[in-house]
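Okay, so here's the structure we're looking at.
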Amino acid sequence: MSEAVGFFDGFAEGMMDGLRVAMQAEILKFDHVAMKADIQPLQGDLPPILDVPVSLQRAGAFFIRMPFKKGNKVIVVFNDYPLDDAGERRHHLDDAMIVSGLSEMPMPAEHENDLLIAHENMKTKIVIDEVGSISILTKQQDISLTSEQGNINLTAPNGLVNISDRRNGS
């Protein structure tokens with residue numbers, strides 16, 4: 001009986017060793033146009049995986065592309081079926097996809113209920129709060145609004161458009 005249990009335990013462990021679901025990896029190179037990266041898995045003794053598709057937040061014609069850099073940590077999933085519809089492989093290294101970046105730093109305490117797009121130093125940020133206000137804040141640089149052909153309109157149907165220049169006191 002114990003030989004059978006040992007056999008099945010070994011069999012199950014061997015199956016699990018070859019099964020890839022998700023793991024942490026480090027970006028080696030990122031192509032922001034092709035949205036592919038070369039990565040180094042951080043668990044196990046695996047070789048680098050090249051040309052891994054990088055997912056992004058997308059809905060209709062809108063998207064958010066993250067500026068991954070060499071050394072960034074990411075979560076990689078291994079799809080149940082081949083990304084290229086070739087063959088019958090499952091959970092293979094060739095079917096890896098980056099789904100998210102990992103943060104090794106604590107997140108800011110402010111804006112806990114808001115959508116926050118920010119630099120980690122919090123000196124530049126866009127905040128959309130739960131009542132619908134949008135704030136673009138920067139502490140060190142100009143904010144540029146550019147229209148190559150149209151107008152730039154600031155409208156407050158039920159309020160004022162305030163423009164102040166603190167250097168001149170106006």
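Details
- Shape of the stretch 38-113, Cα gyration tensor, a/c cut at 1.5: oblate
- Of the cross-linked pairs K69/K139; K36/K139; K36/K70; K29/K73; K70/K139, those separated by over 22 Å at the C-alpha level are K69/K139; K36/K139; K70/K139.
- Sum of -39500 (n - 2.57) over DSSP H runs of 4+, divided by residues of the chain (222 nm, nearest 500): -3500 deg cm²/dmol
- Share of carbon and sulfur in the accessible heavy-atom surface of the chain [1.4 Å probe, %]: 53
- Assuming charge only on the beta carbon of Lys and Arg (+1) and of Asp and Glu (-1), the dipole of the stretch 24-68 about its Cα centre is about 280 debye to the nearest 20.
The values are calculated or read from the model by the stated rules, or taken from the named source; none is laboratory data. All values reported here derive from a predicted model rather than from experimental measurement. Backbone-built Cβ (ideal geometry, glycine too); neighbour counts: all protein chains shown. Remember, those area values only see protein heavy atoms, side chains included, never the ligands or the DNA or RNA. Shrake-Rupley method; radii C 1.70, N 1.55, O 1.52, S 1.80 Å.
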